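Each remark here refers to the structure printed beneath this line.
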Amino acid sequence: QTSVALSGTVDVGVRHVKNGRLGSIDSEVSGANTTSKLVVQVRESLGNGLSAGVYLDSTLLGDTGAVNTPFWDRRATVSLSHDRFGEIRLGRDWAPTHLLWSELDPFITLGIAGANSFRSVFASQALGQAFGVSTDANQLNPTLRIANTAQYFLPTGLGGVHGSLLVSAGEGGSAGAGAAKTDGGRLAWRGERLMVGVAQVTTRNANAGRDFTDRVWGASYEFKVVKVSVGQRQWRYGMDKTTNTLVAALVPLGFGDLKFTLVRADQQGATAALSANDATLIGAGYVHHLSKRTALYAHASRIANKGGASFSVAGGPAVSRVATAVNYFGGQRSTAFESGIRHNF
Amino acid sequence: QTSVALSGTVDVGVRHVKNGRLGSIDSEVSGANTTSKLVVQVRESLGNGLSAGVYLDSTLLGDTGAVNTPFWDRRATVSLSHDRFGEIRLGRDWAPTHLLWSELDPFITLGIAGANSFRSVFASQALGQAFGVSTDANQLNPTLRIANTAQYFLPTGLGGVHGSLLVSAGEGGSAGAGAAKTDGGRLAWRGERLMVGVAQVTTRNANAGRDFTDRVWGASYEFKVVKVSVGQRQWRYGMDKTTNTLVAALVPLGFGDLKFTLVRADQQGATAALSANDATLIGAGYVHHLSKRTALYAHASRIANKGGASFSVAGGPAVSRVATAVNYFGGQRSTAFESGIRHNF
Amino acid sequence: QTSVALSGTVDVGVRHVKNGRLGSIDSEVSGANTTSKLVVQVRESLGNGLSAGVYLDSTLLGDTGAVNTPFWDRRATVSLSHDRFGEIRLGRDWAPTHLLWSELDPFITLGIAGANSFRSVFASQALGQAFGVSTDANQLNPTLRIANTAQYFLPTGLGGVHGSLLVSAGEGGSAGAGAAKTDGGRLAWRGERLMVGVAQVTTRNANAGRDFTDRVWGASYEFKVVKVSVGQRQWRYGMDKTTNTLVAALVPLGFGDLKFTLVRADQQGATAALSANDATLIGAGYVHHLSKRTALYAHASRIANKGGASFSVAGGPAVSRVATAVNYFGGQRSTAFESGIRHNF
């Protein structure tokens, strides 16, 4: 039997971002609670525990109607999967590190309080050195999704143990432009209340031939009234490191969810000045369920920079980390609020 | 309950356009009767009169296989709607002025006889001054669709009164490139045979900081054998005005429809010469229904320019309004014929 | 009745290509067995033997998630079709020559052993002279698909005779960029075991105003254990000709298929040197059916060049036919292997 399913999300909200003394911008945004997207999903049972699957997933921007490049940017895979032996999957896929990191984050790395708020080639010294400071690199570097991958996933039924091993072909391209020669994987264990996991991706065609490593570890525990997560994600390239530390909580209320997060970016570099460029994000949010598929949400967050750190919430006035620029943002604060409607279909 | 529906149109025809002494071009065209498109539509009933909805609509060009930028150019919205209180809708959406204008036009603004034939930043002084004379501005200026909108729609059941209020965030972008800081709305009444309506959109980030206004009023009446429409649409930017006046008729024959239209563009500007640049479109068409979804059609039209006016039917040899250009078109005539097949699915 | 069907393919594999002394590249590739794509297909019965149809077909690259330009690159058509009188189809469609050529090829022109391996504006003198040596021309020239077409197809039920007549509007564009003023057609007969056919497309807006012709003839016969195909495809532009000669075999084993192919490119040109630039492709493959929809496959192939011929299997190190270039490939060999998973849905 084969089934073809068309599904997706449209999530649109309004956002206010104030970047210190650079002023503020009001905008409409897409995907602050759940990424707006269109998904085609296919599964065919081949008998004897074997099945084939296809997954196509395309980000869309509900505010403007735009799509990303590549069109099927979130995932484009074909796979063979066996109940007992696991799954082989080929195509464009998620970075194993991202899968663990977004699982730890009650904001699943989205919106103004997401745990990827420091994932910026412009502000993270390690990302910028490894992949260059272009808009492409900020969008396409392999800390989110990876093209040309082959991946093996452990089967379910290993007592809660799950994970994957991934390799990808660089094909002579630039990792900043999305063509990464990588290997990596994820290993995690999920019990009734506890989840613990580690993940790593090493990119071998980062700039200047040095390896870039992206490492995540973390754990979450579901207490009676709150699920608490702690974790770290470190990007390392030569002497430059950006270490993201997350402490977060999700309080399910039945009719809605409360979310709290604290993410700290600790940078280390060749000089004391570079090592002082740290930042802290605090965020809170409430999601009100109108149904299983439809929700209203509101988020608030603040990024506080130290030293010359120039992180900011996306959607505000443009900032620079160059000390002589008119919009130099080193050491300043970015504060934000957003609210919207999300519908999964 | 949720339903996901995939629908759309493919409409392809052949067109002949003769632009005065510049000669003629034969081409294949898309969307002369109904815009070729792919649509994803979702509605979830949330109970108590409330429902959530998603609408994604992407123009496609059936003649070449191309799509527009942004991909979901026609609409990308999420909405909450209540039977009694109306609807809140966020995303990329239609200009309220366009909705009324296209409702008045038996050609729904499409093809060689459509009431948007004078919607050209190259030939309308008001549009060109407000948004610039680029291809992007011709496609993306907010007289058709608007990005980053929030819109409130009146509920049904108000005795035929319907309408909406819209605001959109400019986000610091250029209105000519599709990022418009607008407010506007539409108010109309529909009885058994009579419809009357008004609409306005004001764009606050037009060139040079001046406001651009787009105003429509109109009425239609369904006589026994013919539906007659009259209306006006005025684009105003500083001293420049283009006033489109429409008188049109639709004769439903059961097995088909006859359509007749007369649209006059009256321009006013800073000089007598600019004010003399007027033009008149006359058009006629026949649509033959093979089924509710499938039709054959044929249209004929002529644009006659006065003074230096250089309007032309789309699809002919390139024209210029610059008097010294070799393809200067001021005061000349553009005549056109087209015929095609349309299938809605 | 109307039916809307969403279907498609994701086919991803890994490929190794060694280009003589230029070295080798390992890559992940899409569509080596069947083109990865998303298809929307509609058919409405109109009664009395008449039906309307829509076909939208978009290549996707399963390895990277990318799509082609135009988005609906494979086909975008609307059609009216009658059981007895045949079909009229408008839009972007396949070249009649390609339809016959791919039917003769057990590899349906895909992957490293496909019969389009010599379809390169960079290496075929006739294609390069006619359409220019740009990446666009290599992708968009009208030997694969043609925009702005109108086509008539013979009905079924003519005792095995089938075929079509096609014209397309050039619309003043460049044939290398996909806008071709063409006429052409295909005529074939299929019996129980034998198929014979001829096809031609003439492009009237090739470079320098000369006509470009693309001609195919071929036959296939289904013996008890093997289907054998022979055929020729000739591209001709002025004094330059590239003649592809195909001899191929398909051995259906039930659980899988064996495929063998030999394609020879014989070039003729203004000089003896140009006429000596010939090449030969040999290829073999095995497709293992996991179901009707899902398959594993492995292909091997080799291109051997003579004289200054510089054909190569796609996916290897970049080659040049310029004798002074560091990556000059004249007379060298390209060898390749690929293996992957294909799922049709």
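Bear in mind that the values in this text are calculations on the coordinates, not laboratory data. This structure is a prediction, so every number in the text was calculated from the model and none was measured. When we count neighbours, we look across all protein chains shown, and the Cβ atoms used for this are built from the backbone with ideal geometry, even at glycine.
Summary table below
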read-out: Choice from C:K259, C:K241, C:K292 with maximal GNM fluctuation in chain C (Cα, 10 Å cutoff); value: C:K292
read-out: Label-point gap, in nm, between C:S24 and C:L262 - each point 7 angstrom along Cα→Cβ; value: 2.6 nm
read-out: Using a 7 Å Cα-to-Cβ projection, B:V225 label spacings across copies, nm, ascending; value: 7.8, 7.8
read-out: Quotient of C-alpha Rg and 2.2 N^0.38 Å, computed over the protein assembly as shown; value: 0.99
read-out: Other-copy label distances relative to B:R210, 7 angstrom Cα-Cβ extension, nm; value: 5.6, 5.6
read-out: Computed helical MRE - 222 nm, the protein assembly as shown, DSSP H runs ≥ 4 contributing -39500 (n - 2.57), nearest 500; value: -2000 deg cm²/dmol
read-out: Positive-end extreme of charge dipole, the protein assembly as shown - chosen from B:T156, A:W235, A:F71 (charges on Cβ); value: A:W235
read-out: Hydrodynamic radius of region B:17-143 per Kirkwood, over alpha carbon pairs, in Å; value: 17.1 Å
read-out: Around A:F223: net Lys/Arg minus Asp/Glu count, Cβ-Cβ under 13 Å; value: +1
read-out: Spatial separation of Cα centroids for region C:1-22 and region A:227-292, in angstrom; value: 39 Å
read-out: Scattering profile of chain B at q = 0.08 Å⁻¹ [log10 I(q)/I(0), Debye over alpha-carbon scatterers]; value: -0.38
read-out: Gaussian network model of chain A, Cα within-10 Å springs - most flexible of A:A325, A:A179, A:A113; value: A:A325
read-out: Dipole magnitude of region B:70-172 about its Cα centre (Cβ charges: Lys, Arg +1; Asp, Glu -1), debye to nearest 20; value: 40 debye
read-out: Selected from A:G13, A:G316, A:G159 as most flexible by GNM, with chain A as the system and alpha-carbon contacts under 10 Å; value: A:G159
read-out: Under 20 Å from C:K224, Cα to Cα: aspartates and glutamates that are on another chain or at least 8 residues apart; value: C:E103, C:D105, C:E192, C:D257
read-out: Volume in Å³ per residue [convex hull over Cα atoms, computed for region B:144-274]; value: 137 Å³
read-out: C:R84 versus A:A323: modelled label distance in nm, points set 7 Å from Cα along the beta carbon direction; value: 8.9 nm
read-out: Alpha carbon centroid spacing (whole Å) that separates region A:311-325 from region C:80-97; value: 56 Å
read-out: Separation of alpha-carbon centers, region A:45-77 and region A:170-211, rounded to whole Å; value: 20 Å
read-out: Size of charge dipole - chain C - debye, nearest 20, with Cβ of Lys, Arg +1 and Asp, Glu -1, no other charges; value: 520 debye
read-out: Cα gyration tensor shape of region C:146-212, rounded if a/c is under 1.5, else prolate or oblate by comparing a/b with b/c; value: prolate
read-out: Label point distance in nm, A:H288-A:V4, each placed 7 Å from Cα along Cα→Cβ; value: 4.0 nm
read-out: Stokes-Einstein D in µm²/s, Kirkwood radius over Cα pairs - region A:244-292 at 4 °C with 1.567 mPa s viscosity; value: 100 µm²/s
read-out: Chain B, closest residue to the rotation axis toward A, by beta-carbon, whole angstrom; value: B:L6, 4
read-out: Partners for A:K306 among aspartates and glutamates (Cα-Cα distance below 18 Å; same-chain residues under 8 apart left out); value: A:D240, A:D266, A:D278
read-out: Point-charge dipole on Cβ atoms (K/R +1, D/E -1) for the protein assembly as shown, about Cα centre, debye to 20; value: 240 debye
